[in-house]
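Report on the following structure.
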Amino acid sequence: MTLVDREQVASRLLRSSAKLSYDPETELDWDADLDPTLFAIPEQRVSLYGTPLWERMSHEQRVQLSWHEFASTASVGLWFELILMQGLLRYAYDQDPHSAHIQYCLTEIGDETRHSVMFARAAQKLAPGSRYRPPRLTHELGRFYKTLAAGPALFASVLVAEETLDRLQRESLSTPGLLPFAQDVCRIHVTEEARHVAYARTAVERQVARLSRRQLEWHRAQCVVTSVFVVAAFRDPAVYTAVGLDKDEAVRQARANPYTRETRRWMAERVTGFLADAGMISGPTSALWRRAGLVA
Ligand SMILES: [Fe+2]
Ligand SMILES: [Fe+2]
């Protein structure tokens, strides 16, 4: 793999950021009425789609579940953005702030602060009164991770969080007939995330090339564990209670749902392809990716 010049990449990303960045505060119509008949994510991506429970649900209830699942994904995305922002700040601490590479790092933190506010407000608009978040254990593990993770384990996990969410948001954008407000949120996020993904991919490629065999295995292990926790956290089971379903039954049916499994694999497909090429998915820990349903 030929390594690209990171100053060149960062300069391009800085120019692109100057040309096209959003302020969700003014860009989104926060007071818009929401059409209660429109899904917030494509219908077949709702976790219960096609299950016996789904067959018993009214159209309104299905739509409501899609709104709550959108809110959950946004809220958990926000949680990971907090981890990412701290990781980027720690990364910048030891490096030259005059380089384009670190100036883009700081620009990305700026993007993420706006995204997090946007996700928080969007979640409240679609699911008023909700407080979706990762499970307690994941939240506590995140505390250590955001304080300690560095190198390819950090950037590769960031890619998993960003690219899985990105895949879903891109599909939402191109699906006709979805809730316009939800699509507007996706549009802003997808545009800015494309730059974040380019930045993190460059970092992973360069950092992996510097690792010893043993270090690489350690980073691979950290990456797969983090990725499994993050992807599992996207849907807070409280979404089921919020739309009047039995939580345990809904969790059981969603887990067994072949559509949901396929969605998870599909969301991870692009990023795991990159990580395999970059050497981050290989060796003893690669079986864990398959076990988690992230790699076919
Ligand atoms: Fe973001
Ligand atoms: Fe991002």
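Condition check ((1) closer than 30 Å to residue 279 by Cα; (2) within 16 Å of ligand 1 (Cβ to nearest atom); (3) modelled with pLDDT under 95) across all residues:
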{"position": "97", "(1), (2), (3)": "yes, no, no"}
{"position": "107", "(1), (2), (3)": "yes, yes, no"}
{"position": "117", "(1), (2), (3)": "no, yes, no"}
{"position": "159", "(1), (2), (3)": "yes, yes, no"}
{"position": "177", "(1), (2), (3)": "no, no, no"}
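May I ask you to list the residues in the stretch 71-113 that are assigned to a helix (DSSP H, G or I) and among the polar types (S, T, N, Q)? Listed by number, the residues that qualify are 72, 73, 75, 86, 103, 107, 113.
Given the structure, is residue 264 within 14 Å of the chain's Cα centre (by Cα) and not in a helix (DSSP H, G or I)? The answer is no for residue 264.
Results for (1) away from ligand 2 (no atom under 16 Å from the Cβ); (2) modelled with pLDDT of 95 or more; (3) more than 27 Å from residue 226 (Cα to Cα), shown as yes or no for each residue.
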position	(1), (2), (3)
14	no, yes, yes
19	yes, yes, yes
35	yes, yes, yes
43	yes, yes, yes
53	yes, yes, yes
63	yes, yes, yes
68	yes, yes, no
84	no, yes, no
93	yes, yes, no
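Filtered by the rule that a residue be more than 16 Å from ligand 1 (Cβ to nearest atom) and among the hydroxyl-bearing types (Ser, Thr, Tyr), the stretch 129-157 gives 130, 132, 138, 145, 147. Restricting attention to the stretch 126-137, which residues are surrounded by fewer than 18 Cβ atoms within 10 Å (Cβ to Cβ) and either assigned to a helix (DSSP H, G or I) or within 16 Å of ligand 2 (Cβ to nearest atom) (or both)? Scanning the stretch 126-137 gives 136, 137. Taking (1) more than 12 Å from ligand 2 (Cβ to nearest atom); (2) touching an Asp or Glu at 6+ places or on another chain (Cβ under 8 Å) in turn, residue 200 satisfies each apart from (1).
The condition of being within 16 Å of ligand 2 (Cβ to nearest atom) and either assigned to a helix (DSSP H, G or I) or closer than 26 Å to residue 250 by Cα (or both) holds for residue 116. Pairs needed: first member in the stretch 186-208, over 16 Å from residue 101 (Cα atoms) and within 11 Å of ligand 1 (Cβ to nearest atom); second member anywhere, of a type in the set (Phe, Trp, Tyr) and in a helix (DSSP H, G or I); C-beta distance under 9 Å; at least 6 residues apart or different chains. Sorted first by the residue in the stretch 186-208, then by its partner, the pairs are 189/119. Residue 201 passes every criterion in (1) surrounded by 20 or more Cβ atoms within 10 Å (Cβ to Cβ); (2) closer than 15 Å to residue 77 by Cα apart from (2).
For residue 190, the requirement of being within 16 Å of ligand 2 (Cβ to nearest atom), under 17 Å from residue 45 (Cβ atoms) and not basic (Lys, Arg) is met.
Filtered by the rule that a residue be crowded, with 22+ Cβ neighbours inside 10 Å and either aromatic (Phe, Trp, Tyr) or within 17 Å of residue 8 (Cα to Cα) (or both), the stretch 204-223 gives a lone residue, 204.
The values are calculated or read from the model by the stated rules, or taken from the named source; none is laboratory data. Given the structure is predicted, the values throughout are model-derived calculations rather than measurements. Cβ: placed from backbone, ideal geometry, glycine included. Neighbour counts: every protein chain shown.
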